[in-house]
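One structure is given below, encoded as structure tokens.
No value in this document is a laboratory result; all are computed from the given coordinates. All values derive from a computational prediction rather than experimental measurement. Neighbour counts run over all protein chains shown; Cβ positions are idealised from the backbone, glycine included.
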Amino acid sequence: MRSERHLATTIVRLAGEFDLTCAEPFEEELGRVMDGIFETTARMFGIEYRRLSDAPVWHSEVSAWEVVEQGRTLGRFFLDLFPREGKYKHAAQFTLASGVRGGALPEGALVCNFPRPGAEPALLDHGEVVTFFHEFGHLLHHLFGANTPWAGLSGVRTEWDFVEAPSQMLEEWCWDASVLQRFARHVETGEPIPADAVARMRAADEFGKGLRVRQQMFYAATSLAFHDRDPAGLDTTRLSAELQERYTPFRHVDGTYFQESFGHLEGYSAIYYTYMWSLVIAKDLFTVFRREGVLDPKPASRYRRAILEPGGSAKAADLVRSFLGRDYDFRAYEEWLNAG
Ligand SMILES: [Zn+2]
């Protein structure tokens with residue numbers, strides 16, 4: 001899935017203060033964040049990641065991996081992390097093969113554009129770490145979700161207004177000091193990021209939250225409005241301008257054409273609202289981890305069985321109910337909206 005981060009990016013730059021990688025050679029730079037994601041999710045789900053040295057890849061910078069649980073391979077994935085000429089410019093998880101129970105193994109790829117290690121250390125800012133976790137959330141959904149007899153309902157092939165819930169929920173781990181301290185270290189001293197710095201990052205992230213949400217609702221309204229009427233004679237610039245002024249406090253600037261570069265109009269067509277609606281669900285799902293512990297395998301195991309493994313083989317509302325033990329509601333989202 002494509003990330004929306006290029007549309008609504010919250011970046012807290014840490015390079016220069018506390019970087020999230022280190023200044024060692026290739027494996028030690030961006031690799032520290034990778035290790036952090038691997039180690040965190042391996043601990044949560046009782047799996048391990050193995051590098052595949054002999055798998056064919058489409059570029060020399062792509063690495064191949066497999067996910068193994070108690071000696072059994074669950075799936076494979078590829079990491080294509082650095083920018084290059086002609087490559088996709090954003091960050092996304094792509095399905096290469098859909099897994100089915102007792103049959104084909106799932107295969108996926110993360111295609112991202114993180115700093116390439118070289119003369120300078122490949123430091124990731126916090127926003128990039130969030131993006132990495134987000135896309136990895138899609139990848140785990142894809143890999144774990146192969147427990148259905150139908151490839152068409154495997155993994156992320158779930159209801160589209162639910163598909164961003166597992167990815168957005170995994171972003172929460174990037175805001176937890178106990179998680180970040182396992183891999184985010186000062187570039188020179190190696191000191192883990194102080195909990196106080198994480199608390200200040202969280203406080204800084206509150207700034208402008210209302211505006212970001214309203215901007216998302218403007219995008220959602222635009223994607224729906226462009227698709228629910230007769231296109232003959234539709235003036236998309238005027239409609240976009242009207243919606244911007246209805247949903248955000250900012251006036252439309254004549255001569256600008258936001259909608260011309262709104263890529264999600266193709267990928268998500270009328271349902272860009274999936275991001276904010278999935279966030280409602282993600283905040284609700286995360287209440288369990290907030291209560292029981294983000295690194296505790298018990299809630300993670302229940303989450304995997306109830307939410308990720310069935311893929312799209314059951315209604316998302318039913319999956320959520322089986323995990324929460326109740327219907328989803330807006331309380332956690334509302335609490336997040338009103339915080340700060
Ligand atoms: Zn996504």
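Taken along the Cα-to-beta-carbon direction at a fixed 7 Å, the label points for ARG43 and GLU292 span 1.7 nm.
With the convex hull drawn around the C-alpha atoms of the chain, the volume per residue stands at 161 Å³. Once you reduce segment 260-279 and segment 24-78 to the center of their Cα atoms, the two points are 30 Å from each other. A straight chain from GLU61 to LYS87 at 0.36 nm per residue would run longer than the Cα-Cα distance by 8.1 nm. Placing pseudo-labels 7 Å out from each Cα toward the beta carbon at ARG305 and ALA195 gives an inter-label distance of 3.2 nm. Label positions at LYS209 and SER261, each projected 7 Å from the Cα along the C-beta direction, are separated by 2.9 nm.
Distance from the Cα centroid of segment 319-340 to that of segment 174-227 is 19 Å (rounded to whole angstrom). Each Lys and Arg contributes +1 and each Asp and Glu -1, all at the Cβ; summed about the Cα centre of segment 50-106, the dipole is approximately 120 debye.
Selection among LEU105, THR41, GLN70 by position relative to the dipole of segment 21-175 gives LEU105 as farthest towards the positive end (Cβ unit charges, Cα centre).
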